[in-house]
Amino acid sequence: NSNSLILHDCLLQICELLEANISYYNWVGFYFRNGNKEELKLNAYVGEPTDHTIIPFGKGICGQVALSNQNFVVPDVAAQDNYIACSITVKAEIVIPIFVNGENMGQIDIDSNTPDPFTKADERFLEFVCEQVASIL
Ligand code: SME
């Protein structure tokens, strides 16, 4: 419907802004819970297209955040065994959950081609971004 198109466009602008302005943000996307299913569905993103548009809860970094409700900062993706590789150029990943009324609705997922680039400042900044997104869901 038109609301979901407007939301997608807004999220896409956020992805574009982040990717364009932060050199080590190389793939930026939003996943949301897919209805009542125990899976995530990719919404807006920038960067290389991925085959992983649906991710079951528990699977990969994203799927783990869907269950843990915690930020997940991965300095080195090669050291993770529950990890879904989207591109061989990716070295690090950060996933921050999005809460609406305390419920985990989805997440922002960022891949970096730089090893160990994410700091506490990235976490605080992306938590802020996720709060703003939550307010328009
Ligand atoms: N690496 C993620 C999958 C999504 S891609 O990064 C776009 C994961 O392990 O959940």
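See the values below:
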quantity: Verdict on LEU67 being assigned to a helix (DSSP H, G or I), in contact with a strand residue (DSSP E or B) (Cβ under 9 Å, 6 or more places away or on another chain) and crowded, with 19+ Cβ neighbours inside 10 Å; calculated: no
quantity: Given (1) open to solvent by less than 60 Å² (accessible area, probe 1.4 Å); (2) within 12 Å of the ligand (Cβ to nearest atom); (3) of a type in the set (A, V, I, L, M, F, W, C), index of the condition ILE96 fails; calculated: (2)
quantity: Residue within region 121-135 that is assigned to a strand (DSSP E or B) and free of Cβ contacts under 8 Å to residues at least 40 places away in the same chain present; calculated: no
quantity: Some residue of region 53-63 being among the β-branched types (Val, Ile, Thr) and within 18 Å of ILE14 (Cα to Cα); calculated: no
quantity: Scan of region 15-46 for residues that are over 20 Å from ALA66 (Cβ atoms) and open to solvent by 40 Å² or more (accessible area, probe 1.4 Å), ordered by number; calculated: GLU16, LEU17, GLU19, ALA20, ASN21, SER23, TYR24, ASN26
quantity: Subset of region 73-104 [farther than 14 Å from TRP27 by Cα, assigned to a loop (DSSP other than H, G, I, E, B) and in contact with a Phe, Trp or Tyr (Cβ under 8 Å, 6 or more places away or on another chain)]; calculated: PRO75
quantity: Those residues of region 52-62 which are farther than 10 Å from GLN107 by Cα and near the ligand (Cβ under 8 Å from one of its atoms), in sequence order; calculated: HIS52, ILE55, LYS59, GLY60, ILE61
quantity: Residue in region 103-117 that is without any contact (Cβ under 8 Å) to a residue 12 or more places away in the chain, exposed (fewer than 15 other Cβ atoms within 10 Å of the Cβ) and either over 25 Å from ILE6 (Cβ atoms) or not small (Gly, Ala, Ser) (or both) present; calculated: yes
quantity: Which listed residue is out of contact with any helix residue (DSSP H, G or I) (no Cβ under 9 Å at 6 or more places or on another chain), touching a residue at least 12 places away in the same chain (Cβ under 8 Å) and part of a helix (DSSP H, G or I), from LEU7, LEU12, LEU17, LEU42; calculated: LEU12
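The values are calculated or read from the model by the stated rules, or taken from the named source; none is laboratory data. This is a predicted model, so every value here is computed, not measured. So basically every Cβ, Gly included, is an ideal-geometry build from the backbone, and we count neighbours across all protein chains shown. What goes into the accessible areas is simple: the full protein's heavy atoms, side chains included, and nothing from ligands, DNA or RNA. Shrake-Rupley method; radii C 1.70, N 1.55, O 1.52, S 1.80 Å.
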